[in-house]
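**Student:** This is the structure I have questions about; it appears just below.
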Amino acid sequence: MIKKKEIIKEYNKKIELLNKYNKHYYDKNNPLVDDIKFDHLKIEVQNLEKKYIFLKDRLSPTISVGYKPSKNFEKSKHRVPMLSLSNAFDYEDLKNYEKKIFNFLNITKKNDIEYSVEPKIDGISASLTYKEGKLISGVSRGDGKEGELITENLKTIADIPQTIVSKSFPKDIDIRGEVFIANKDFEYLKDKFANPRNAASGSLRQKNPKETKKIPLRFIAYTFGYFDKLSLKKQSEFIQHLKNWGFKVSKFNKVISGIDNLVINHKNFEDQRHDLEYDIDGLVYKINDFEIQKRLGAVGNAPRWAIAHKFSSVSSFSKILNIDIQVGRTGALTPVAKIKPVNIGGVVVSNATLHNEDEISRKDIRVGDTVKIERAGDVIPHVISVDTSKRLNNSKKYYFPQKCPSCGSKVIKEYNNLTKKYDAVKRCTSEGFECEKMAIEKIKHFISKDALNIDGLGKKVVEKFWDLKFIRLPHDIFKLDYNKIEKLDGWGKLSVSNLKYAIEKSRKITLEKLIFSLGIRHIGQENAKIISQHIKNFENFSKISSGFNFENFLNIDGIGETQINSLKKFFSNQTNLIVINGIKKYMILKKSEKTVSGKFKNKTFMFTGKLEGISRAEAKSLIEKNSGKILSSVNSKLNYLIIGDKPTTRKINQAIDLKIKVIKQEDFKKMLN
Ligand code: IVH
């Protein structure tokens, strides 16, 4: 008899692989295996689940839609294109929008125009074709002209009627609306998807409709495509009919006249949007009169008769459950509010930074408080304000710890010679490896992308290995007992051999990266490079100790008092010396990467937004390899601002003002050839 334990182990290994394949397919857009291999593994997992009931749990990728959507859906042309909406952000934009319509329609007498106001649900749009009251087909939006035929998957959604018996229902019509997941249902999926929208998209595009059915998708109808006879005059009437025909429509739909009233309504809605069951990212305004809609038509792929009024700030209210003090690699104590998870602009947030002690006392932030949290772009969410009206009588003022919560060392605020002020940040005074939290962070830094860059040894793994006492100092990574790791939950032969390979590979490193990997305070990548050029080899570097003449360093351009003091402190610590000597045994130094061609000579670059298919670090190194330079702020010295996904508008505007070339990632690729 095979033991239960072994079956679980086998099963976990397969799931781990499945999830890994998924991740590569989904997040990295880089499948590791072909479809056949993937499906085969999936069937193996399913068979195990069938055979051994005890294996079924919610984490299984066969239950949640963790695995990949099919690429093999049949394509289907939309009879009427599915358009998108142009955006307005404020009163000005709306005024301009209306002005254009009035001009277009040649209306001089400016009466208030009537709009159908509808929440803009952040989901996936779909078009449903009904003939003789029967749902014939369902198609995703695709590129607006043609989408994927996902009829069977759409049919699993309870909100979508499959038969409509109503005299007023057109004989042939496309009904369009949004497929989405309610926030409460997303709770169970949040480990697998970044936001409800991705979860809905993944679920909808499963090869097997049974998988779609497992996720509670919803559908709200709001418009039509092709139709054969529909004698209605207004969008608001159409919405009423949708309801009568058996579709779900938003209960927040209304009719409003005039921009002023639209803006008042928007403001009210923005305040309460987070109480809704699902995510909305704005309001859609459609000119209510179909006759006027028809006259207005579309420009490009957006109708003139509609506009989306986006919500500007992504903020929400939640409750502080606790205040954690995180200790960073350099000892900085950062207070973090653990909040009741809340969806802010499509991302589930459960932590918000409180910055530092002063910030907490200035805002009098307390555990139990209801606070407003803002998330802007890819910045860490932060607490904006406290709603003191919701504060309980027994709430207590928060006092910042006077000792490091990790090692008990004294905490201090450093004096900054440049600003002539004390820093706002409190720091643990331990040099590093004596403080548990700092040590873990230092090891994370050691293996990070810009340092040793060990694939398969992420932050979570470091934490786990630390807990298991596998590692205490950076060079313990080279002494791991792989037999022990293989026996751990979630690890298997394949992942262990991958790890082994990655660690082995990481031993070959340039001196500058090795110096950087030590995580010495004030010695970032740039300074590490400068020092490495000066010191030549690791042997020389390792000999730096308290007796070293640091004054030599003062002549190096870029190295100042701050760096020297930091190096002195680093080398006067015994554990650091042990680390250096420990590492030395394992590392094989390689030459710094030399410039291949100088095509970016005298050119400066900066990035904003997420790049596709390449990390920032790699993109930067490509620029440097071509003799280009990276700048960290938009200023007159900048030549190119490269924009990725979700760029910071402020940076783009600054660049435009300064007449700096703003280019897309594709353009950058072309430049690189
Ligand atoms: S009308 C013809 N109405 O917004 C204009 N779209 O940016 C588009 N959306 O792809 C269809 N709520 O996914 C319309 N009440 C609503 C909507 C809505 C959300 C989405 C839809 C569309 C996107 C356009």
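Coordinate-derived values only; no laboratory data. Every value quoted in this text rests on a predicted model; they were computed, and no experiment measured them. Using ideal geometry, Cβ is built from the backbone for each residue, glycine included, and neighbour counts are taken over all protein chains shown.
**Student:** Which of 260, 450 comes first, and how do the rest follow, when ranked by fewest Cβ neighbours within 10 Å?
**Tutor:** On the way: 260 13, 450 17.
Ranked by crowding around the Cβ, least crowded first: 260, 450.
**Student:** In a solvent-free Debye calculation with one equal scatterer on each Cα, what is log10 I(q)/I(0) for segment 560-635 at q = 0.13, 0.16, 0.19 Å⁻¹, listed in the order of the q values?
**Tutor:** -0.72, -0.89, -0.93
**Student:** Equivalent-ellipsoid semi-axes (√(5λ), Cα gyration tensor) for segment 187-299, whole Å, largest first?
**Tutor:** Ellipsoid semi-axes (Å, largest first): 30, 21, 13.
**Student:** With 10 angstrom as the radius, rank 491, 466 by how many other C-beta atoms surround their C-beta, starting from the fewest.
**Tutor:** Ascending number of Cβ neighbours within 10 Å: 466, 491.
**Student:** In the calculated pair distance distribution of segment 461-574, what percentage of Cα-Cα distances lie above 19 Å?
**Tutor:** Values: 3498 of 6441 pairs.
Result for the distance tail: 54 percent.
**Student:** Another one. Using just the C-alpha positions of segment 84-198 as equal point scatterers, what log10 of I(q)/I(0) does the Debye formula give at each q in 0.10, 0.23 1/Å?
**Tutor:** -0.50, -1.24
**Student:** If we count other beta carbons within 10 Å of each Cβ, what is the order of 497, 116, fewest first?
**Tutor:** With the sparsest Cβ surroundings first, the list reads 497, 116.
**Student:** Same structure again: At 7 Å along Cα-to-Cβ for each site, give me the label-to-label distance between residue 52 and residue 657 in nm.
**Tutor:** 6.3 nm
**Student:** Let me ask you something else. Can you give the FRET efficiency for residue 79 and residue 340, using 1/(1 + (r/R0)^6), R0 = 56 Å, r = Cβ-Cβ distance, to the nearest 0.05?
**Tutor:** According to the calculation, E is roughly 0.75.
**Student:** So, one more: Which number comes out as Rg/Rh for segment 221-278 once both Rg and the Kirkwood Rh are worked out on C-alpha atoms?
**Tutor:** Values: Rg = 14.1 Å, Rh = 13.5 Å.
In segment 221-278, Rg relative to Rh is 1.04.
**Student:** Beyond 18 Å, what percent of the Cα pairs of segment 401-479 remain?
**Tutor:** Working: 1553 of 3081 pairs.
Result: 50 percent of Cα pairs exceed 18 Å.
**Student:** Under a Cβ-Cβ cut-off of 10 Å, what is the net charge of the residues other than residue 498 that fall near it, where Lys and Arg count +1 and Asp and Glu count -1?
**Tutor:** +2
**Student:** With each run of n ≥ 4 DSSP H residues scored as -39500 (n - 2.57), what mean residue ellipticity at 222 nm is computed for the chain after dividing by its residue count and rounding to the nearest 500 deg cm²/dmol?
**Tutor:** Values: 23 runs with 231 residues, N = 673.
Rounded to the nearest 500, it is -10000 deg cm²/dmol.
**Student:** Using amide H atoms built in the peptide plane, which far-off residues or other-chain residues are under 5 Å from residue 344 H to H?
**Tutor:** 349
**Student:** Would you please name the trypsin sites (Lys or Arg not before Pro) within segment 186-229 that are DSSP coil residues with at most 13 other C-beta atoms within 10 Å of their C-beta?
**Tutor:** When the trypsin sites (Lys or Arg not before Pro) of segment 186-229 are filtered for loop state and at most 13 Cβ neighbours within 10 Å, 229 remain.
**Student:** Convex hull volume of the Cα atoms in the chain, per residue, in Å³?
**Tutor:** Hull volume normalised by residue count: 210 Å³.
**Student:** To continue, here is another question. Can you list residues whose amide H is under 5 Å from residue 176's amide H, if they're 5+ apart or on another chain and H is modeled 1.01 Å from N?
**Tutor:** 128, 222, 223, 224, 225
**Student:** Among DSSP bridges having both ends in the chain, what percentage is antiparallel? Round to the nearest 5.
**Tutor:** Numbers: 77 of 93 bridges.
Antiparallel bridges make up about 85 percent of those DSSP assigns within the chain.
**Student:** Something else now. Give me log10 I(q)/I(0) at q = 0.16, 0.18, 0.19, 0.22 Å⁻¹ for segment 501-568, Debye formula, one equal scatterer per alpha-carbon, no solvent.
**Tutor:** -0.53, -0.65, -0.72, -0.94
**Student:** For a quick check of your reading of the filter: which GluC sites (Glu not before Pro) in segment 242-333 sit in a DSSP loop and have no more than 13 other Cβ atoms within 10 Å?
**Tutor:** On the way: sites: 270, 277, 291; in loops: 277.
Taking segment 242-333 and a limit of 13 other Cβ atoms within 10 Å, the loop GluC sites (Glu not before Pro) found are 277.
**Student:** Please enumerate, by chain and number, the lysines with C-alpha under 29 Å from the C-alpha of residue 396, excluding those fewer than 8 residues away in the same chain.
**Tutor:** Filter leaves 319, 338, 340, 363, 372, 410, 413, 426, 437.
**Student:** In degrees between 0 and 90, to the nearest 10, how far off the longest principal axis of the chain does helix 436-447 point, with axes built from Cα atoms?
**Tutor:** Between the helix axis and the principal axis of the chain, the angle is about 80 degrees.
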